[in-house]
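One structure is given below, encoded as structure tokens.
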Amino acid sequence: MVIATLGEVVAVYRARAALDPSHVAERAGISIAQYLALEQGTAWPGTEAVEAVIDALQIPDSHRACLAATGAPLDKYLQRMLHGYDIPALIVDSTWRTVEANAFARTLLPDSALPGWNLMRWVLLDDDARRRLANWDDVARCFSGALRDAITAAPHNAELLAIREDATQLGQTAGPSSRNCPDAQVFVWRTDSGAYPISACLVTSPSGRPDLQQVTFVPRSTQPVPVLMAAQASPAPWYGPLLTDLLSCGLCGLLLTGGGRPTTYGCATGCLPELSADDLELRIAKEVLTRAFPAQACRELGIAQEILMADGIELELNVPVSPQHALDQWQRSMTNTQRRGILTSTLRSATVNPAPGTDGSPGIDLAYNWRELTHP
């Protein structure tokens with residue numbers, strides 16, 4: 001039998017000794033979670049824990065030599081492979097500190113070339129990550145889950161514990177449902193040019209180095225950025241106020257009309273004060289986009305988009321990866337025709353009622369009548 005990984009070596013020697021994982025963990029003086037992380041290859045429990053397991057299983061010196069890669073420099077094969085990629089790729093240790101980054105990764109993440117730069121710390125704690133990632137909330141939740149599981153595997157690692165302490169102070173904690181690995185997580189990079197480049201993060205273990213992880217950013221479509229999916233026939237252009245025929249007065253039941261410069265909405269009977277179109281449209285857009293683009297729907301729409309593009313069907317806008325990304329597109333990229341299409345496919349109507357404002361001035365409450373949405 002060919003034994004390819006450290007986890008397989010450990011599993012073989014445990015089976016030969018007829019020991020349960022809990023017995024090995026007890027002999028090594030580590031937790032069962034640490035031992036299982038090592039044997040199953042899901043996380044790196046730290047050099048001391050690995051050495052304790054090797055001693056507990058009495059692995060002979062002749063076999064220990066091939067397990068002593070931890071902390072060693074990258075061999076020439078791994079270096080050639082890393083620098084041979086024409087996409088961003090970097091290798092990090094078990095705490096997500098950079099071991100080596102190729103030229104494309106250093107272009108995407110300039111600080112990754114600095115000694116001790118940590119990808120997990122950058123995502124969770126650096127304001128630069130919040131500024132550059134349009135879907136930062138999703139990415140941060142994913143890395144929070146990875147941090148939680150890394151600490152479970154290596155509960156005494158000072159670097160990981162420091163990141164957790166700093167993240168906790170900022171309110172970045174992983175819930176039980178958080179994803180525990182950034183593998184396959186989408187990164188949406190903000191730019192000043194309008195279109196947002198999108199890449200999928202792939203996380204793998206380099207051959208023979210279970211203590212390391214390779215992080216590769218695989219570019220996805222960078223065509224202009226979402227109407228709810230492209231149709232073969234373009235809708236008629238929309239030139240009027242966006243909420244025409246969608247707003248009614250909660251006092252008299254009449255439809256609100258929009259017009260003027262700057263545009264306002266008002267009730268013909270004067271039940272309501274004149275309402276700023278920009279403020280009201282943005283307020284309703286936030287509710288509509290949250291309903292139209294939940295996380296699961298975004299993932300399914302992304303798959304549908306790739307299928308359409310593979311068939312040669314071009315989309316006017318890429319589908320968003322989150323409601324916040326959709327709102328960015330609403331404000332930066334969408335035409336009024338696209339905005340109107342999303343409104344009418346999601347919202348049947350909204351009723352406007354007078355209410356006191358936060359500063360004592362007249363305000364409004366909104367009651368929504370939603371359409372039933374069918375996502376792909």
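The values are calculated or read from the model by the stated rules, or taken from the named source; none is laboratory data. All of these numbers come straight from a predicted model, not from anything done at the bench. Surface areas here come from the heavy atoms of the whole protein model, side chains and all, with no ligands, DNA or RNA. Shrake-Rupley method; radii C 1.70, N 1.55, O 1.52, S 1.80 Å.
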All but one of (1) modelled with pLDDT of 80 or more; (2) open to solvent by less than 80 Å² (accessible area, probe 1.4 Å) hold for Gln223; which doesn't?
-> (1)
Say we look at region 90-135 and pick out the residues that are within 29 Å of Thr290 (Cα to Cα) and not in a helix (DSSP H, G or I); which of these is most open to solvent (accessible area, probe 1.4 Å)?
-> Asp126
Selected residue (only one of Asn157, Asn135, Asn180 is more than 20 Å from the chain's Cα centre (by Cα) and either at pLDDT 90 or above or of a type in the set (S, T, N, Q) (or both)) | Asn157
State which residue is modelled with the highest pLDDT when the search covers only region 312-338 and only residues that are open to solvent by less than 30 Å² (accessible area, probe 1.4 Å) and assigned to a loop (DSSP other than H, G, I, E, B).
-> Met334
Across region 56-80, which residue is modelled with the highest pLDDT among those that are within 30 Å of Ala103 (Cα to Cα) and open to solvent by 90 Å² or more (accessible area, probe 1.4 Å)?
-> Arg80
